[in-house]
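*Asks:* Sending over a structure as structure tokens; questions will come in a sec.
The values are calculated or read from the model by the stated rules, or taken from the named source; none is laboratory data. Note that the structure is a prediction, hence the values are computed from the model and not measured. Counting neighbours? That spans all protein chains shown, and the Cβs are built from the backbone with ideal geometry, glycine included. Accessible surface is based on the protein model in full, side chains and every heavy atom, while ligands, DNA and RNA are left aside. Shrake-Rupley method; radii C 1.70, N 1.55, O 1.52, S 1.80 Å.
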Amino acid sequence: IMEDEGRFTMKQLAINGDSIMKELQLSAWPQLGKLLNQAYERVLEDLSRNDKKILLDMIKQWMGQ
């Protein structure tokens with residue numbers, strides 16, 4: 001899929017798999033990609049959510065922490 005110029009991309013997300021594993025003290029985990037995709041979708045809804053702390057807090061909630 002070609003992305004439109006100016007469109008927010010996954011690479012611009014304030015977190016990545018490594019930061020999630022480090023901050024939440026996780027090892028490689030099959031659900032990591034799913035969590036990143038969920039975070040990306042939430043940021044697309046509201047770009048102000050593209051903040052490391054906000055996204056990590058969301059992920060903690062999704063994981064029940």
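*Asks:* Could you grab the relative contact order for the chain? Cα pairs under 8 Å, six or more apart, rounded to a whole percent.
*Replies:* Values: 30 pairs, mean separation 24.3, N = 65.
Dividing the mean separation by the residue count of the chain yields 37 percent.
*Asks:* Carbon and sulfur together cover what percent of the accessible area of the chain at a 1.4 Å probe radius? Walk me through the numbers on the way to the answer.
*Replies:* Details: 2280 of 4850 Å².
The value for the chain is 47 percent carbon and sulfur by accessible area.
*Asks:* Follow-up question, since we're still on this one. Mind checking the per residue accessible area of the chain for me, 1.4 Å probe, whole number of Å²? Could you put the intermediate results ahead of the total?
*Replies:* On the way: 4850 Å² over 65 residues.
Each residue of the chain exposes 75 Å² on average to a 1.4 Å probe.
*Asks:* List the longest stretch of the chain that has no exposed loop site; here a site is one of the GluC sites (Glu not before Pro) assigned by DSSP to anything other than H, G, I, E or B, with at most 16 other Cβ within 10 Å. All intermediate terms of the calculation are to be shown ahead of the outcome.
*Replies:* Details: sites that count: E3, E5.
Longest gap between qualifying sites, sites excluded: 6-65.
*Asks:* Charges on Cβ only, +1 for Lys and Arg, -1 for Asp and Glu, centred on the Cα centroid of segment 15-63; of Q31, I15, L44, which one is farthest towards the dipole's positive end?
*Replies:* The Cα lying farthest towards the positive end belongs to Q31.
*Asks:* Hey, another quick one. Using a simple charge model, +1 on the beta-carbon of Lys and Arg, -1 on the beta-carbon of Asp and Glu, nothing else, what dipole does the chain show about its Cα centre, in debye to the nearest 20? Walk me through the numbers before you get to the answer.
*Replies:* Values: 9 positive and 10 negative charges, 59 e Å.
I would put it at about 280 debye.
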